[in-house]
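A.B. asks: Below is one structure. I have some questions about it.
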Amino acid sequence: MEDERRIIPPSRIGFAFGSGGTLIVFQVGAVEIFKDKLKLPPEDIVAIGVSGGAIVGASLVSENFSNERLVETFLSFKKKSDIFKRRVRPGSIYSLEKLDKIISKKIDFKKLIASPATFIATASEVPDDETVFFSSKDPEIISSPEIMKQAILASSAIEGIFPPVKINYGGKAKEFIDGAATIPLPLKKLMKLGCNTIIVIRCRSSKIRKPYPRTILNRWAYGKSLSLKKTEKAEINFIREHALWVNLFVIEPDWLPETLTPYSWGKGDFEKAMKHGREVAERELKPLLRYYGV
């Protein structure tokens with residue numbers, strides 16, 4: 001059935017990129033629509049990235065919402081060790097070494113800071129359990145872009161899987177872990193920043209039913225996903241029920257390849273997930289496309 005909802009004239013547009021490990025490749029496909037169909041004024045955009053979604057959001061803002069660099073990056077991964085390097089010391093399963101190199105090489109931080117669009121990476125401060133929002137418009141980050149790189153790395157540092165990241169910020173050295181540990185989908189933050197149009201791109205969906213995994217790591221991810229899925233859904237429902245002045249669009253997968261998990265993938269999984277992401281985005285954003293005359 002055609003979506004005929006009435007669009008409130010967008011003033012500020014917010015993007016929320018959720019977590020998901022390597023499932024974020026779905027997001028990479030979904031955002032292709034902003035490269036060649038739905039071109040939005042960057043000065044009116046706020047993009048918040050959580051966990052792996054921070055990598056997607058930062059790359060998009062730095063590349064003027066082109067996903068070409070992200071597509072190239074994902075298609076270059078041939079084996080699990082290209083992203084996840086086993087950690088020799090105790091305390092976590094994987095080292096952040098590979099992820100650090102990927103973020104450093106694939107995100108242009110000078111362009112990210114210079115962009116008219118605002119990018120925000122979330123990370124969870126420990127042991128205080130507080131969500132910290134690292135903004136590309138923060139004077140401290142503008143003068144020291146390395147802070148933003150560390151913030152994106154910290155946002156991706158899933159607790160127990162990766163070690164925490166120490167960041168010197170606000171005059172103090174603090175430790176941070178996965179942004180999803182405290183707020184998996186910060187939609188209320190986008191509302192506070194004046195966004196009356198919010199586009200959620202998440203990697204989890206109640207439509208997907210996968211068998212219980214065989215490996216310990218994927219079983220852990222399966223259980224964590226159940227909790228995050230409910231929390232994300234509650235945040236989405238809150239906006240739908242209590243913020244009638246907000247245009248809300250939710251892009252989430254109808255299905256994902258059977259062998260694609262947050263920490264592993266099979267041959268062709270990335271291409272399939274990206275293609276599906278593009279298809280879902282075009283379907284769910286039809287009202288916005290019509291509004292802009294696309």
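A.B. asks: So in region 128-163, with the set limited to residues that are free of Cβ contacts under 8 Å to residues at least 40 places away in the same chain and touching a Gly at 6+ places or on another chain (Cβ under 9 Å), which one is nearest to PRO184 (Cα to Cα)?
C.D. replies: At the first step, the residues of region 128-163 found to be free of Cβ contacts under 8 Å to residues at least 40 places away in the same chain are 128, 134-135, 137-147, 150, 154, 159.
Restricting the remaining residues to those that are touching a Gly at 6+ places or on another chain (Cβ under 9 Å) gives 140, 154.
Working: GLU140: 25, ALA154: 14 Å.
The selected residue is ALA154.
A.B. asks: If we keep just the residues of region 233-259 that are in contact (Cβ under 8 Å) with a residue 12 or more places away in the chain and of a type in the set (A, V, I, L, M), which is farthest from GLY29 (Cα to Cα)?
C.D. replies: Residues of region 233-259 in contact (Cβ under 8 Å) with a residue 12 or more places away in the chain: 233, 235-236, 238-239, 243, 245-258.
Then drop every residue that is not of a type in the set (A, V, I, L, M), which leaves 236, 239, 243, 246, 248, 250-251, 256.
Numbers: ILE236: 21, ILE239: 25, ALA243: 28, VAL246: 25, LEU248: 20, VAL250: 15, ILE251: 11, LEU256: 12 Å.
Checking each candidate, the answer is ALA243.
A.B. asks: May I ask you to verify whether PHE77 is within 15 Å of the chain's Cα centre (by Cα) and among the aromatic types (Phe, Trp, Tyr)? Break it down stepwise before answering.
C.D. replies: Numbers: within 15 Å of the chain's Cα centre (by Cα): no; among the aromatic types (Phe, Trp, Tyr): yes.
No.
A.B. asks: Please enumerate the residues belonging to region 37-57 that are touching an Asp or Glu at 6+ places or on another chain (Cβ under 9 Å) and either without any contact (Cβ under 8 Å) to a residue 40 or more places away in the chain or open to solvent by less than 50 Å² (accessible area, probe 1.4 Å) (or both).
C.D. replies: Residues of region 37-57 that are touching an Asp or Glu at 6+ places or on another chain (Cβ under 9 Å), as a first pass: 37, 50-51.
Selection gives VAL50, SER51.
A.B. asks: Related question: Here are some conditions: (1) touching a strand residue (DSSP E or B) at 6+ places or on another chain (Cβ under 9 Å); (2) closer than 28 Å to LYS267 by Cβ; (3) crowded, with 24+ Cβ neighbours inside 10 Å; (4) of a type in the set (A, V, I, L, M). VAL25 meets all but one. Which one does it not meet?
C.D. replies: It fails just one condition, (1).
A.B. asks: Exactly one condition in (1) under 14 Å from the mean Cα position of the chain (by Cα); (2) among the hydrophobic types (A, V, I, L, M, F, W, C); (3) farther than 19 Å from THR261 by Cβ is false for VAL50; which is it?
C.D. replies: Condition (3) is where VAL50 drops out.
A.B. asks: Oh, and also: Can you pull out every residue in region 130-153 that is hydrophobic (A, V, I, L, M, F, W, C) and in a helix (DSSP H, G or I)? If you could, list the steps in order and put the result at the bottom.
C.D. replies: Within region 130-153, the first condition is being hydrophobic (A, V, I, L, M, F, W, C), and the residues that meet it are 132-134, 141-142, 147-148, 151-153.
The answer is ILE141, ILE142, ILE147, MET148, ALA151, ILE152, LEU153.
A.B. asks: Let me ask you something else. Keeping to region 95-126, report how many residues are part of a helix (DSSP H, G or I), buried (at least 20 other Cβ atoms within 10 Å of the Cβ) and β-branched (Val, Ile, Thr). Explain how you work it out, then say what you get.
C.D. replies: From region 95-126, those part of a helix (DSSP H, G or I) are 97-106, 109-114; that's our starting set.
Applying the additional criterion that residues be buried (at least 20 other Cβ atoms within 10 Å of the Cβ) yields 99, 103, 112.
Add one more test, that the residue is β-branched (Val, Ile, Thr), and what stays is 103.
Going through region 95-126 one residue at a time, the tally reaches 1.
A.B. asks: Have a look at VAL71, VAL61, VAL88, VAL28 and point out the one that is among the β-branched types (Val, Ile, Thr), modelled with pLDDT of 95 or more and either within 18 Å of VAL250 (Cα to Cα) or more than 16 Å from the chain's Cα centre (by Cα) (or both). Write out each step before concluding.
C.D. replies: Working: VAL71 fails: either within 18 Å of VAL250 (Cα to Cα) or more than 16 Å from the chain's Cα centre (by Cα) (or both); VAL61 fails: either within 18 Å of VAL250 (Cα to Cα) or more than 16 Å from the chain's Cα centre (by Cα) (or both); VAL88 fails: modelled with pLDDT of 95 or more.
After applying the criteria, what remains is VAL28.
A.B. asks: Within region 58-72, track down each residue that is surrounded by fewer than 19 Cβ atoms within 10 Å (Cβ to Cβ) and of a type in the set (Ser, Thr, Tyr). Walk me through how you get there before you give the answer.
C.D. replies: The initial filter retains those residues of region 58-72 that are surrounded by fewer than 19 Cβ atoms within 10 Å (Cβ to Cβ), namely 64, 66, 68-69, 71-72.
Within region 58-72, SER66 is the sole residue that qualifies.
A.B. asks: Turning to a different aspect of this structure: Here are some residues: LYS79, LYS98. Which one is at pLDDT below 95, within 26 Å of PRO257 (Cβ to Cβ) and in contact with a helix residue (DSSP H, G or I) (Cβ under 8 Å, 6 or more places away or on another chain)? Spell out the reasoning first.
C.D. replies: Numbers: LYS79 fails: in contact with a helix residue (DSSP H, G or I) (Cβ under 8 Å, 6 or more places away or on another chain).
The match here is LYS98.
A.B. asks: I've got another one for you. Just wondering, is there one or more residues in region 128-146 that are touching a Cys at 6+ places or on another chain (Cβ under 9 Å), among the small types (Gly, Ala, Ser) and open to solvent by less than 40 Å² (accessible area, probe 1.4 Å)?
C.D. replies: Of the residues in region 128-146, the ones touching a Cys at 6+ places or on another chain (Cβ under 9 Å) are none.
Among the residues of region 128-146, not one is touching a Cys at 6+ places or on another chain (Cβ under 9 Å), among the small types (Gly, Ala, Ser) and open to solvent by less than 40 Å² (accessible area, probe 1.4 Å), which makes the answer no.
A.B. asks: Also, quick follow-up: Out of (1) farther than 27 Å from LEU285 by Cα; (2) touching a residue at least 12 places away in the same chain (Cβ under 8 Å); (3) out of contact with any Lys or Arg (no Cβ under 8 Å at 6 or more places or on another chain); (4) part of a helix (DSSP H, G or I), the odd one out for SER92 is which?
C.D. replies: Condition not satisfied by SER92: (4).
A.B. asks: When PHE34 is evaluated against the numbered criteria (1) open to solvent by 20 Å² or more (accessible area, probe 1.4 Å); (2) on the phi < 0 side of the Ramachandran plot; (3) modelled with pLDDT under 90, which criterion, by number, is the only one it fails?
C.D. replies: It fails just one condition, (1).
A.B. asks: ARG12 passes all but one of (1) within 18 Å of ASP108 (Cα to Cα); (2) open to solvent by 40 Å² or more (accessible area, probe 1.4 Å); (3) in contact (Cβ under 8 Å) with a residue 60 or more places away in the chain; which number fails?
C.D. replies: Only one criterion is unmet by ARG12, namely (1).
The values are calculated or read from the model by the stated rules, or taken from the named source; none is laboratory data. Computed from a predicted structure; not experimentally measured. Cβ: placed from backbone, ideal geometry, glycine included. Neighbour counts: every protein chain shown. These accessible areas exclude ligands, DNA and RNA; they are computed on the full protein's heavy atoms, side chains included. Shrake-Rupley method; radii C 1.70, N 1.55, O 1.52, S 1.80 Å.
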